[in-house]
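Take a look at the structure below.
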Amino acid sequence: MRDFLCDFKLWLRTAEMEAGMRIGALEAGGTKMVCAVGNEKGEILDRMTIPTETPEITIPRLLNYFKEKEPEAMGIGCFGPVDLNKHSRTYGYITTTPKLEWKNFDMVGAFKNALQIPVGFDTDVNGAALGEATWGITRGLENSIYITVGTGVGMGIIANGKLLHGMLHPEAGHLLLRKHPSDFYEGKCPYHGACLEGLAAGPAIEARWGKKGAELSDRSDVWKLEAYYIGQALVDLILVLSPQRIVLGGGVMHQAQMLPLVKEEVKRQLNGYICTKELEDMDSYIVLPSLNDNQGIMGALQLALNEKGE
């Protein structure tokens, strides 16, 4: 029996060494929490999804999962807005979120105190941008943008090889746009009305047309209007940030007709002003995500590695 236990322990240690470092990853969304354990190769070894409820309900479930897995470090990509300034007393907090139960919640502190490991932290969409930049379709590029168009619009920006931060983090989903002459919808955003999120996110589609996007697949006018607004935002971003590639994700982009329409709008609205090899190859310039919807979790793995390496 003793020999069997020794052999089993040796096998277990060998398997752990081959699997690499155990890293915790959390993609904390407003609707669901995806928690996983992976390694430094970006391989996902285990995952679990739970609904996002109140912190009192959700956080203990997450902590139980990660305590059982015993990761060496952890990365969190979180819905926001969040405080990313490490010199701030509220670093790692969710701040002015419309999910009021989570307002001013210390996300990093909850995991750091319970697990006693390094915890990397950023926005959920920055995490997705980092996942694609580390293991996906923007790998090797110094400057890229990841945009998700779904229930809301979020944007993660890689500038000069690093996630772009400033006084907060990019909130380019709220870029103010010029409305289409035939669009009389005032916009869904309670702050700005006619911003990108207010005009093009899923709730705006439903409010404008009276049906969810999935029920409007055969309506070309719906998606041409969507492409007008998304294309306009991309032109603004191209002119300001000069990205080498743009990745478009989120539920709205699951509509098969969207990507070609957006590319056409970008070409039309740029109107030949910028001529680069990237823009000449639009099929490689504006693309869909490449990591099978794992880009957020894989980005969280890299956030953990970055934090552990500091």
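The values are calculated or read from the model by the stated rules, or taken from the named source; none is laboratory data. Please read these numbers as outputs of a predicted model, since none were measured by experiment. With ideal geometry, Cβ positions are generated from the backbone for all residues, glycine too; neighbour counts draw on all protein chains shown. All accessible areas refer to the heavy atoms of the entire protein, side chains included, with ligands and DNA or RNA removed. Shrake-Rupley method; radii C 1.70, N 1.55, O 1.52, S 1.80 Å.
Here's the yes/no breakdown for (1) of a type in the set (Val, Ile, Thr); (2) in a helix (DSSP H, G or I):
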{"position": "179", "(1), (2)": "no, no"}
{"position": "182", "(1), (2)": "no, no"}
{"position": "198", "(1), (2)": "no, yes"}
{"position": "205", "(1), (2)": "yes, yes"}
{"position": "211", "(1), (2)": "no, no"}
{"position": "214", "(1), (2)": "no, yes"}
{"position": "218", "(1), (2)": "no, no"}
{"position": "221", "(1), (2)": "no, yes"}
{"position": "224", "(1), (2)": "no, yes"}
Here are 96, 151, 90, 138: which of them is within 26 Å of residue 22 (Cα to Cα) and polar (S, T, N, Q)?
-> 138
Qualifying residues in the range 134-152 (those that are in a strand (DSSP E or B) and open to solvent by 10 Å² or more (accessible area, probe 1.4 Å)) - the one farthest from residue 290 (Cα to Cα) = 148
Would you confirm whether any residue within the range 264-282 is in a loop (DSSP other than H, G, I, E, B), of a type in the set (D, E, K, R) and at positive phi?
-> no
Would you point out which residue out of 248, 259, 239, 288 is closer than 19 Å to residue 224 by Cα and either open to solvent by 40 Å² or more (accessible area, probe 1.4 Å) or modelled with pLDDT under 95 (or both)?
-> 288
Considering (1) part of a helix (DSSP H, G or I); (2) of a type in the set (Gly, Ala, Ser); (3) open to solvent by less than 20 Å² (accessible area, probe 1.4 Å), say which one residue 110 fails and leave the rest.
-> (3)
From 80, 127, 120, 131, residue being surrounded by 20 or more Cβ atoms within 10 Å (Cβ to Cβ), in a strand (DSSP E or B) and not hydroxyl-bearing (Ser, Thr, Tyr) | 120
How do the pairs read when you match residues in the range 292-310 that are within 12 Å of residue 136 (Cα to Cα) with residues anywhere that are assigned to a helix (DSSP H, G or I) and among the aromatic types (Phe, Trp, Tyr), using Cβ under 8 Å and keeping only pairs 6 or more apart or on different chains?
-> 298/135
Determine if the range 50-64 includes at least one residue that is open to solvent by 50 Å² or more (accessible area, probe 1.4 Å) and closer than 27 Å to residue 174 by Cα.
-> yes
Take residue 38 and decide whether it is touching an Asp or Glu at 6+ places or on another chain (Cβ under 7 Å) and touching a residue at least 60 places away in the same chain (Cβ under 8 Å).
-> no
